[in-house]
Amino acid sequence: MREDVADFTIAHEKAQSFYASYERKGELQHQTHYCPGCGHGVIHKMLARAIDEMGIQDRTILISPVGCSVFAYYYFDVGNIQAAHGRAPAVATAAKRSRPHSVVISYQGDGDLSAIGSGEILHAANRGENITVIFVNNAIYSMTGGQAAPTTLIGQKSTTTPCGRSAANEGYPLRVSEMLATLEAPVYIERVGLGDNKQIAQAARAIKRGVENQVKGLGFSLIEVLSPCPTIWKMSAVDAQRWVRDVMEKTYPLGVLCDRTKEARVHAMPAAAPPLEELPRLLDIPEDDPAVDVPEGAAKAVDLQVRVAGFGGQGVLLLGEVLAEAGLDAGLEVSWLPSYGPEMRSGTSNCHVRISNETIDSPMVSSPNMLIAMNEPSLRKFVATVRPGGWILYNGDAIPADCVRSDVHELSIPFTHVADEIGDARITNMVMLGALLEITGALPQASVDSALKRLVKSARWYELDERALERGREIYCGSLAVI
Ligand code: SF4
């Protein structure tokens with residue numbers, strides 16, 4: 001194991017219960033995990049057939065939702081992404097935009113799409129994303145054992161509406177497809193059912209059409225499928241199909257709710273992403289910008305992992321920012337990660353800064369080689385994390401006896417008094433930064449100066465900070481004899 005990786009503590013691991021592969025025994029191998037009579041299996045078959053007939057398997061990406069169809073990715077031999085609850089249209093948007101030649105299908109149940117994901121579907125439709133959405137409406141949350149959903153019918157019993165849904169208490173069933181059809185951008189929205197074979201045949205046509213629209217670049221298509229859920233509805237498979245026809249359809253009439261495919265303008269395929277070396281020109285960054293010049297001396301090996309900690313208002317974050325910006329100016333890899341409590345003043349505050357001439361794998365600094373502790377609570381909190389051979393800069397007369405470590409370098413100075421002498425206690429952070437810069441020698445002064453100039457707009461503070469940096473350097477040099 002790499003040394004730097006070994007230093008991290010693994011906080012989360014893949015749950016034992018999460019399948020590495022999804023295996024089914026013997027006679028179940030050709031069955032899905034869906035209950036007998038469930039509409040999902042039928043819809044999967046129709047979608048898979050459409051993908052197959054259109055010859056788009058190699059460029060299809062299926063977005064699976066949260067709900068009974070959460071494992072949809074086990075059944076489709078295409079690209080697959082499993083999205084967090086309700087986020088499938090947003091994930092589909094990202095997938096389609098970053099891979100415009102792919103065919104992206106967001107497969108969602110009514111809980112996922114019409115409850116927690118109602119905002120996502122609304123905005124994806126309103127943007128006219130060139131994706132296809134299969135919306136499986138079985139009028140209930142099935143995965144959780146039958147809670148009411150936004151699509152639950154008036155009078156329908158569920159675990160959360162045991163007396164039947166009432167408009168006065170839970171509102172009316174949400175007709176998502178009708179709502180989306182009022183928008184200008186969607187090109188095709190149709191509601192189909194699985195109530196009998198004729199309906200199933202129409203559903204298959206609609207699903208294929210929704211996918212074709214995307215392949216043609218026409219825009220957003222959604223096919224809502226009224227789907228039986230015999231298990232939660234507590235019906236036989238036959239009765240559940242009948243219920244789709246006789247009951248569900250009254251609230252959710254079948255048919256095409258919008259079809260603008262004839263007048264839709266084909267979405268232009270975005271140009272291929274520019275090569276990396278083109279980016280400075282496209283972003284209008286002058287090639288001879290002194291801010292990105294690599295100053296002399298920056299090429300030496302640098303591995304600064306700094307934790308700056310103190311109270312809010314002590315300039316903890318600014319110290320880290322100046323350090324990180326100076327590293328950028330020096331042409332190094334940098335990361336700056338703030339971490340603070342909800343209080344703006346006097347709450348705890350700390351930041352992680354990494355500066356390296358190698359790629360930084362994580363912005364987290366869990367084992368710093370430099371701890372700047374601006375007060376005693378911060379010292380106590382992080383002293384044990386400093387890696388052997390590292391440094392602790394402590395803003396205080398002396399490190400408390402129970403925090404002293406023999407395997408690290410320590411410099412404790414009442415930096416705030418020094419800052420006071422210069423002119424303002426608020427520049428303690430810069431005095432400490434000056435000492436850090438002198439200790440590490442990692443960054444050229446010119447980089448620090450230009451970073452400070454960018455971050456500190458006031459001439460008075462800039463001048464004070466410069467003096468503070470200089471004083472911090474002197475303090476470290478003056479303290480060498482006693483370290
Ligand atoms: S609970 Fe309902 S929706 Fe879920 S798998 Fe069973 S029948 Fe299908």
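Points worth noting:
- Under 13 Å, Cβ to Cβ, from residue 53 - net charge with Lys/Arg +1 and Asp/Glu -1: +3
- Cα-Cα over 21 Å, subset of 208/262; 45/96; 45/250: 45/96; 45/250
- Sequence of 262, 198 when ordered by accessible area, the most exposed leading, probe 1.4 angstrom: 262, 198
- Value of D in µm² per second that Stokes-Einstein yields for the range 372-483, Kirkwood Rh from Cα pairs, at 25 °C (0.890 mPa s): 169 µm²/s
- Student exercise, the range 100-219 dipole from Lys, Arg, Asp, Glu Cβ charges, in Debye to nearest 20: 280 debye
- Spacing of the two label points (7 Å from each Cα toward its C-beta) at residue 126 and residue 277, in nm: 4.4 nm
- Ordering 437, 134, 228 by the projection of their Cα atoms onto the charge dipole of the chain, which places +1 on the Cβ of Lys and Arg and -1 on the Cβ of Asp and Glu, puts 228 at the extreme positive end.
- Zone residues, the range 416-439, relative to residue 404, backbone N less than 13 Å from point 7 Å out along Cα-to-Cβ: none
- Over the range 134-240, the pair-distance histogram of Cα-Cα distances with 10 Å bins from zero comes to 14, 37, 33, 14, 1 percent, rounded to whole numbers.
- Rounded to 10°, Cα long-axis angle of helix 459-479 versus longest principal axis of the chain: 60 degrees
- Reference-scaled alpha-carbon Rg (2.2 N^0.38 Å with N residues) for the range 36-110: 1.05
- Relative contact order computed over the chain (Cα-Cα under 8 Å; 6+ residues apart), in percent: 9 percent
- Charge dipole (Cα centre; +1 on Lys/Arg Cβ, -1 on Asp/Glu Cβ; no other charges) of the chain amounts to roughly 2660 debye.
- Ranking by accessible area, most exposed first, for 102, 406 with a 1.4 Å probe: 406, 102
- If R0 equals 25 Å, the separation of the Cβ atoms of residue 215 and residue 183 corresponds to a calculated FRET efficiency of about 0.70.
- Three principal axis lengths of the chain [C-alpha, angstrom, descending]: 91, 51, 50
- Ranked by how many other beta carbons lie within 10 Å on average, peptides 348-354, 232-238 from highest: 348-354, 232-238
- Candidate aspartates and glutamates for bridging to residue 457, where Cα separation is under 12 Å - those fewer than 8 sequence places away on the same chain excluded: 465
The values are calculated or read from the model by the stated rules, or taken from the named source; none is laboratory data. Not measured: the values here are computed from a predicted model. In this analysis, Cβ positions are derived from the backbone assuming ideal geometry, glycine residues included, and neighbour counts consider all displayed protein chains. The accessibility values were calculated without ligands, DNA or RNA, using every heavy atom of the protein model including side chains. Shrake-Rupley method; radii C 1.70, N 1.55, O 1.52, S 1.80 Å.
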